[in-house]
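Input: a single structure, listed below in structure tokens.
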Amino acid sequence: MLLYPGMTALDVVGPQELLAGLAGGNLHLVAKDIGPVESDTGLAIVATHDFATCPRDVTVLFVPGGDGTPAQMRDADTLAFLRDRAARAAWITSVCTGSLILGAAGLLDGYRATSHWCVRDTVLPLLGATPVDKRVVFDRNRVTAAGISAGLDFALALAARLKGEVFAKTAQLVAEYAPQPPFQAGTPTEAGLEITRAAGEILKALAEGSQKAATGRR
């Protein structure tokens, strides 16, 4: 699981919580440098490995999203690391705008994928991907999830592929993942125009920065 400054903590913590039991102590939190990595809300997650000490062969390569996405889309060391591990990974995965970082590494060219709604339809095509409006998208060995909370859906869907539906359902029950949100406002369609505009303003820097980073690759 890649960590980087400005990642969204829930993108990492949600999937990590549900997938840790599959890894048998071999789930690695990887960043450029070992130690605390600050998220986009200030919560730090500790990287246990750097790019050099991360195992060369991994079953699942995972990239979170977050406000730091545009910088990672331009970071040569990060993109080189992802390309190298992806060459041997069984599954290449992301949550939220992590798919844009995979795309910047050339790992979604010709694949169907999703991302956060604020960038899905505008930025993914610039990276060679076909955008899909779904919570979780499987295309061969690429698995991408929509924004932030979709990381829980992603983890359960991937767990079912890796160890079967019974394991995934058991993990869901242990987590008591039975969402009953107080509002139906989790998508632009459900939220309506006024709320979508307000959310868009909050996400404007991320969306514009990601688009510039994607355009700058060409």
Checklist entry - By accessible area of protein heavy atoms, probe 1.4 Å, what ranking do ARG74, ARG85, ARG217 get, highest first? => result ARG74, ARG217, ARG85
Checklist entry - Based on Cβ point charges of +1 for Lys and Arg and -1 for Asp and Glu, what charge dipole magnitude is obtained for segment 1-87 about its Cα centre, in debye rounded to the nearest 20? => result 240
Next on the checklist: Could you report the accessible area of MET1 in Å², rounded to 10, computed with a 1.4 Å probe on the protein chains as they sit in the structure?
Outcome noted: 30
Item to check | Residue-normalised accessible area of segment 57-181, given per residue in Å² at a 1.4 Å probe | outcome: 41
Next on the checklist: For Cα pairs less than 8 Å apart in space and 6+ apart in sequence, what is the mean separation divided by the residue count of segment 37-98, i.e. the relative contact order in percent?
Outcome noted: 42
Item to check | Radius 12 Å from Cβ of ASP133, net charge of other residues (Lys, Arg +1; Asp, Glu -1) | outcome: +3
Next on the checklist: Quick one: 3J(HN,Hα) in Hz for segment 66-82, Karplus 6.51/-1.76/1.60 with θ = phi - 60°, rounded, Gly and Pro as x.
Outcome noted: x, 4, x, 4, x, 5, 6, 5, 9, 7, 4, 5, 5, 5, 5, 4, 5
Item to check | Under 13 Å from the Cα of LYS204 - aspartates and glutamates, other chains or at least 8 residues apart | outcome: ASP67
Checklist outcome for this item: With every protein chain in place, the accessible area of ASP153 for a 1.4 Å probe, in Å² rounded to the nearest 10, comes to 40
Checklist entry - So what's the projected area for segment 1-57, the Cα convex hull averaged over all directions, in nm²? => result 3.7
Next on the checklist: With a 10 Å cut-off between alpha carbons and a GNM built on the chain, which of GLY103, GLY35, GLY66 moves the most?
Outcome noted: GLY35
Checklist entry - In whole Å and largest first, what semi-axes does the C-alpha gyration tensor of the chain yield when each eigenvalue is scaled by 5 and square-rooted? => result 24, 22, 17
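The values are calculated or read from the model by the stated rules, or taken from the named source; none is laboratory data. From a predicted model like this one, the values you see are computed outputs, not experimental measurements. All Cβ positions, glycine included, derive from the backbone under ideal geometry; neighbour counts span all protein chains shown. With ligands, DNA and RNA removed, areas are computed over all heavy atoms of the protein, side chains included. Shrake-Rupley method; radii C 1.70, N 1.55, O 1.52, S 1.80 Å.
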